[in-house]
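The values are calculated or read from the model by the stated rules, or taken from the named source; none is laboratory data. Bear in mind the structure is a predicted one, so any value in this text is a computation, not a measurement. Positions of Cβ are generated from backbone atoms using ideal geometry, with glycine treated the same way; all protein chains shown enter the neighbour counts.
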């Protein structure tokens, strides 16, 4: 039995709330256990200098944790993100670009602002999972405004943590589990079962290929559940193809 009573392959309770931020083209507030993540999507009719004149767009992300989102107060990142935040926002950007047809997007940029309101483990995976919903709504906004003919999305994407805790492979680690895990891994996967990124580290002792396979299997089960929930959250969204 886990710290919070869940089964090894069980997600924490979660809810998606679309349209949380009134003025953003897309937004999603995801609560998964005691981790609460707000993602807003902003559309700008310009691209970074390295893409000018190429006829394609860009999707990028910024990530931060509010000062008392965690168990201790962290400093606000006023001038530039710290190394951890930089690594996470690059991960989010890579994940989102992997499911967007940037040529079809045209010369515009979508920025996903990912802010952890409360952090109890898995903030980067929550940002990706909520980010897809916010991105979908921002692109749908462009379709409704006839700036795009159809959604330039190839398929849904989500992410979840998995690891080894007390010798057992477990899904969706909370902070207490994550801080004492023998292995910690983040898995980003598309609806069709393709891996976008796998970040895994053995904290105490190496793990076998068999154990890796077990972790990836339970990660896929969790991601499948989250993607179904994304579909439910987006149900009724008007799509013009």
Checked segment 189-203 for anything within 15 Å of the chain's Cα centre (by Cα) and closer than 13 Å to residue 215 by Cα; matches are 198, 199
All-but-one check, residue 71 against (1) surrounded by 15 or more Cβ atoms within 10 Å (Cβ to Cβ); (2) in contact (Cβ under 8 Å) with a residue 60 or more places away in the chain; (3) more than 21 Å from the chain's Cα centre (by Cα), failing number (1)
When every residue in segment 18-31 that is in a strand (DSSP E or B) and in contact (Cβ under 8 Å) with a residue 60 or more places away in the chain is compared, the one surrounded by the most Cβ atoms within 10 Å (Cβ to Cβ) is 28
Every residue from segment 143-164 that is over 15 Å from the mean Cα position of the chain (by Cα) and surrounded by fewer than 22 Cβ atoms within 10 Å (Cβ to Cβ): 143, 144, 145, 146, 147, 148, 149, 150, 151, 152, 153, 154
If residue 44 meets every condition in (1) closer than 26 Å to residue 233 by Cβ; (2) surrounded by 13 or more Cβ atoms within 10 Å (Cβ to Cβ); (3) touching a residue at least 40 places away in the same chain (Cβ under 8 Å) apart from one, which number is that one? (2)
Keeping to segment 185-221, report how many residues are surrounded by fewer than 15 Cβ atoms within 10 Å (Cβ to Cβ), closer than 23 Å to residue 133 by Cβ and without any contact (Cβ under 8 Å) to a residue 40 or more places away in the chain. 4
Only one of (1) over 16 Å from the mean Cα position of the chain (by Cα); (2) farther than 15 Å from residue 27 by Cβ fails for residue 119. Which number is that? (1)
Looking at (1) modelled with pLDDT of 95 or more; (2) over 28 Å from residue 107 (Cβ atoms); (3) surrounded by fewer than 14 Cβ atoms within 10 Å (Cβ to Cβ), which is the only condition residue 171 fails? (3)
Does segment 222-230 include one or more residues that are in contact with a helix residue (DSSP H, G or I) (Cβ under 6 Å, 6 or more places away or on another chain), surrounded by 18 or more Cβ atoms within 10 Å (Cβ to Cβ) and within 24 Å of residue 37 (Cβ to Cβ)? yes
Residue check, residue 101 farther than 23 Å from residue 149 by Cβ and either modelled with pLDDT of 90 or more or in contact with a helix residue (DSSP H, G or I) (Cβ under 8 Å, 6 or more places away or on another chain) (or both): no
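Looking only at residues in segment 1-14 that are at pLDDT 95 or above and touching a strand residue (DSSP E or B) at 6+ places or on another chain (Cβ under 7 Å), which one is surrounded by the fewest Cβ atoms within 10 Å (Cβ to Cβ)? Please lay out each step first, then the result.
The first filter runs over segment 1-14 and keeps only residues at pLDDT 95 or above, leaving 6-14.
Applying the additional criterion that residues be touching a strand residue (DSSP E or B) at 6+ places or on another chain (Cβ under 7 Å) yields 8-12, 14.
On the way: 8: 14, 9: 17, 10: 17, 11: 19, 12: 19, 14: 17.
Ranking the qualifying residues of segment 1-14, first place goes to 8.
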Subset of segment 77-111 (residues that are touching a strand residue (DSSP E or B) at 6+ places or on another chain (Cβ under 8 Å) and not in a helix (DSSP H, G or I)): 77, 81, 98, 99, 100, 101, 108, 109, 110, 111
